[in-house]
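Trainee: Here's a structure for you.
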Amino acid sequence: MLDEPTTYLDYKIQLKLLKTLHQLAKDENKTVIQILHDPNLAIKHCDKLLLMFEDGKVLATSSDQVSAKMLEELYQIPFIGIENDDRTFWLPN
């Protein structure tokens, strides 16, 4: 279990850490639980997501099912999705 493991790390190290964790979980057939506040990192490096809302509601979803509506409800701000190749990048709008 990791609580915001990418905090204070530069982009290169963030990506290296998250790729390593994902590969380790796959190779060892283990579950890695992480708390990430950046939806783009979570979507790219996690197979399943639990979105935890202020009111206690929890929404389980897969990375490819995340929508602007979900993120807007979670963060209470508008989001815009930008398509690039086979992924959507989510930005506060």
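The values are calculated or read from the model by the stated rules, or taken from the named source; none is laboratory data. Since the structure is predicted, the reported quantities are computational estimates derived from the model, not experimental observations. Quick reminder, even Gly has a Cβ in these numbers, built from the backbone with ideal geometry, and neighbours come from all protein chains shown. Side chains are part of the model used for accessible areas, which takes the heavy atoms of the whole protein and leaves out ligands, DNA and RNA. Shrake-Rupley method; radii C 1.70, N 1.55, O 1.52, S 1.80 Å.
Trainee: If each of residue 28 and residue 55 carries a label point 7 Å out from its Cα toward its Cβ, how far apart are those two points in nm?
Mentor: Inter-label distance under the simple model: 3.8 nm.
Trainee: Please build a GNM for the chain, connecting alpha carbons under 10 Å apart, and tell me which residue among 73, 28, 54 fluctuates the most.
Mentor: 28
Trainee: Heavy atoms only, probe 1.4 Å: what % of the accessible area of the chain goes to carbon and sulfur, would you let me know?
Mentor: So the carbon and sulfur contribution to the accessible surface is 54 percent.
Trainee: Further, regarding this structure: Per residue, how much accessible area does the chain have with a 1.4 Å probe, in Å²? Provide the component values of the computation, followed by the final result.
Mentor: Values: 7070 Å² over 93 residues.
Using a 1.4 Å probe on heavy atoms only, each residue of the chain averages 76 Å².
Trainee: Over the Cα atoms of the chain, compute the convex hull volume and normalise it per residue, giving Å³.
Mentor: On the way: hull volume 10.8 nm³, N = 93.
In the chain, the Cα convex hull volume per residue is 116 Å³.
Trainee: If you don't mind, another one. With N residues in region 21-64, what two-decimal value do you get for its Cα radius of gyration over 2.2 N^0.38 Å?
Mentor: Computed over Cα atoms of region 21-64, the ratio equals 1.22.
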